[in-house]
Amino acid sequence: MKLKSPKDMNFLIVDDVDNMRRSVKAMLKLIHYGKSFYEAANGRDAWQILQDENVAIDFIVSDYNMPYVSGTELLNLIRGSKKLRDIPFLMITAEANMDIVAEAAEHDVDAYMTKPFVTATLEQKVNELLGQINNPNEFTKLLLVSRTLEEAGDIDGAIDAAKKASQLNGQSSRPYRELGRLFVKKGDLPKGQICFEKATDINRLDVSSYHALGQIYFRQGKVDKAMENFSRAMDISPRHSDRALNFAKLLMKKNLLKEAEKVLRLVLKTKANDADFKEDIADSCRDFGIYDLAVKTYREVLKLDPERYYLNKKIGLTQMLMEDLNEAVKSLEKAADKFTEDIEVMLALSRAYFKMKMKMRADKWATKIVRIDPGHKEARDIMNQCL
């Protein structure tokens, strides 16, 4: 189906810089493009607009580097939605570095241009993109046929269409990446592996294929090969924080804690202001025994969001595991001030003070526990030992 004329389109402009949004809007108006304009300061806000049933977006112009949800993360959400996935998407970047090229290829970005740019460049990019969509070449048509057949449940037909696409354009890794995914979906890991390896041979920046190979090797029990491919993906694009976290968890399960910690520190840099994500990382560090990084990260989250008082409890309990009792009681006392009937906090304080041979304080917290839970055996034992 043909797209609307650009003058009749609803444009969504996504950028965390107000002036940049205004500039893009002014440029589009200057060339008489756009019926209506919507703005968002980041991918998260843009996604909310796209979810609004009363809003129909026809074209998206989005910055790459934004807080909360980046341009490629937004594009990934859009590509995953049957309703939204075919909206033309023009990415704006400060520079076309390796990270951006790799992510653009992986998420099938329609087009991207670098800052600074002028009105004529924006007009040219919009027109080129719309021309490609309105008049797709045979290669693009075959990939669309493959997608349609897969969604209809015809995996073999989808594979056949993707194979034909690969024969038309041997310089693109995309059909081999699609073939790899389809073979894996069919349960044929060896053929999937061959296709993903072909994709990485064609495009050394195909992050998605390296990640897929890592998963295949891991399922085959070839942990070293899995790590090799996950590492390669991280080297190309460390911004893939979710994948990096999964890779780190894999390392932790193999007790390769030093290697895992290096990956996690890298991930934390890319998500410096994402409190929820950082807390998840801290939880993983605590669970796998990387206690120093867990405490450091919990504290960073607490600075980002001082209302998360409960993190003092997590910090204190982690410090208990480290046997850092002096610091543990400081953190746990803060937690106890906010959560006055938290038996777990009180018990940890009682244990810590008892180990520090501070029996009066140990007895104080044990007594508080017994007042709440008269049958609490451990608290009564500590009280008896403090007599």
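The values are calculated or read from the model by the stated rules, or taken from the named source; none is laboratory data. Being a predicted model, the structure only gives us computed values, none of them experimental. Using ideal geometry, Cβ is built from the backbone for each residue, glycine included, and neighbour counts are taken over all protein chains shown.
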* Looking at segment 330-341, which of its residues are among the charged types (D, E, K, R) and either farther than 10 Å from K368 by Cβ or at pLDDT 95 or above (or both)? -> K330, E333, K334, D337, K338
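I'd like the residue in segment 113-144 that is basic (K, R) and under 29 Å from the mean Cα position of the chain (by Cα) and, out of all such residues, is surrounded by the most Cβ atoms within 10 Å (Cβ to Cβ).
K125
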* To do: Please state which one of A111, A162 is in the same structural domain as S23 (by TED's automatic domain parsing), without any contact (Cβ under 8 Å) to a residue 24 or more places away in the chain, within 24 Å of K82 (Cβ to Cβ) and in contact with an Asp or Glu (Cβ under 7 Å, 6 or more places away or on another chain).
  => A111
* Could you check, for segment 59-66, whether at least one of its residues is closer than 22 Å to D274 by Cβ, touching a Ser or Thr at 6+ places or on another chain (Cβ under 9 Å) and aromatic (F, W, Y)? => yes
* For segment 125-154, how many residues meet the condition of being over 18 Å from R174 (Cβ atoms) and in contact (Cβ under 8 Å) with a residue 12 or more places away in the chain? -> 6
* Consider E39 carefully, then state whether it is touching a strand residue (DSSP E or B) at 6+ places or on another chain (Cβ under 7 Å) and among the charged types (D, E, K, R). => yes
* Of (1) in contact with a helix residue (DSSP H, G or I) (Cβ under 6 Å, 6 or more places away or on another chain); (2) crowded, with 19+ Cβ neighbours inside 10 Å; (3) under 23 Å from D86 (Cα atoms), I155 satisfies all except one. Which? -> (2)
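Within 27 Å of N65 (Cα to Cα) and of a type in the set (D, E): is that true of D305 in this structure? Steps first, please.
Values: within 27 Å of N65 (Cα to Cα): yes; of a type in the set (D, E): yes.
Yes, satisfied.
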* Hey, can you tell me all the residues within segment 48-97 that are touching an Asp or Glu at 6+ places or on another chain (Cβ under 7 Å), within 23 Å of T148 (Cβ to Cβ) and either surrounded by fewer than 16 Cβ atoms within 10 Å (Cβ to Cβ) or of a type in the set (K, R) (or both)? => R79
* Structure fact -> Every listed condition ((1) touching a strand residue (DSSP E or B) at 6+ places or on another chain (Cβ under 9 Å); (2) part of a loop (DSSP other than H, G, I, E, B); (3) of a type outside the set (A, V, I, L, M); (4) surrounded by fewer than 19 Cβ atoms within 10 Å (Cβ to Cβ)) holds for R22 save (2)
* Structure fact -> Counting only residues that are under 16 Å from L317 (Cα atoms) and assigned to a helix (DSSP H, G or I), segment 336-361 contains a total of 16
* Please indicate, with yes or no, whether at least one residue in segment 275-292 is outside any helix (DSSP H, G or I), more than 30 Å from L182 (Cα to Cα) and β-branched (V, I, T). => yes
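Please state which one of Y291, Y353 is among the aromatic types (F, W, Y) and either surrounded by 20 or more Cβ atoms within 10 Å (Cβ to Cβ) or touching a residue at least 60 places away in the same chain (Cβ under 8 Å) (or both). Write out each step before concluding.
On the way: Y291 fails: either surrounded by 20 or more Cβ atoms within 10 Å (Cβ to Cβ) or touching a residue at least 60 places away in the same chain (Cβ under 8 Å) (or both).
From the options Y291, Y353, the qualifying one is Y353.
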* Does segment 63-85 contain at least one residue that is under 19 Å from Y112 (Cα atoms), free of Cβ contacts under 8 Å to residues at least 24 places away in the same chain and in a loop (DSSP other than H, G, I, E, B)? -> yes
* Asked: K303: out of contact with any helix residue (DSSP H, G or I) (no Cβ under 6 Å at 6 or more places or on another chain), in a helix (DSSP H, G or I), of a type in the set (K, R) and surrounded by fewer than 22 Cβ atoms within 10 Å (Cβ to Cβ), yes or no?
  -> yes
* Count, please, the residues in segment 61-72 that happen to be in contact with a Phe, Trp or Tyr (Cβ under 9 Å, 6 or more places away or on another chain) and at pLDDT below 90. => 5
